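Quick one: this structure, given as structure tokens, is what I'll be asking you about.
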Amino acid sequence: MAVGSGLNPGPKMQVAEGEDSSGLKYATVYPTFVAAGATWVFDFVVLNAPTVNGTAQLSIMLDIQASNTGFIGHGYDLQATVQLPAI
Amino acid sequence: MHELVYDPGVWRFPQDERIYQMRNAYRRPASEKQLGWVFNLNSKRGALRGRWRLATALVAAVLATGLAVAAYAQSQDTTITMTSPKVENALQYGTDLNFPGVADLSVRGSCPPANYSTTCDLMVIVAFDPPVSNLATKSMRKS
């Protein structure tokens, strides 16, 4: 998996790729700062996605972890799975 | 000539007045009953002061407990999971995810047709509602 990030605005951020014990490949992006109300755009390129009858078979798992900047702070862990339909 | 000063039961000379006053200064200022009343009054004031301190401590304890509970509740992380959002097409796919009060996510991409493998584009757009920091975004592909 290659990560080509498009970020607006675009401060530097760290990108890490890996594979967990179950064989899931992942890329992790660590922005250093998120301004209030900002919209972030992340572009990824998935290389060599498996196909069945010419159709990509992808299960995209998103996990967004964030914490607000309040006095106490509150963590959010947003998880979503997007399954591309098989034809 | 010296003028005599009358004190109930006592006739004395004015020059002795100072000695008389000094002598009275050593006398007890109040009777035992009066003194007891003073002590009782002080005791009531002390009791009121103690009750006031106790009430203040209780109010402070309640406030501290409330703040601690609020802080604990606030500090707990929130995990929101959304599974199987609707995706119509694998070639040009896209879906919108709404995490109420937290963030809106949009997933867009395309996977050109190929025989055995292909290269897919994936774009994740994240719009946060509250101010956040330390954002970490992970995109995982399962083959």
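The values are calculated or read from the model by the stated rules, or taken from the named source; none is laboratory data. None of the values given here were measured: they were computed from a predicted structure. FYI the Cβ positions are ideal-geometry reconstructions off the backbone, even for glycines, and counts take in every protein chain you see.
Within segment B:80-117, can you find the residues that are touching a Leu at 6+ places or on another chain (Cβ under 9 Å), part of a strand (DSSP E or B) and at pLDDT below 80?
B:Met82, B:Ser117
Residues to consider are A:Ile72, A:Ile60; find the one that is within 7 Å of chain B (Cβ to nearest Cβ) and at pLDDT 80 or above. Reasoning before the result, please.
Values: A:Ile72 fails: at pLDDT 80 or above.
Answer to the check: A:Ile60.
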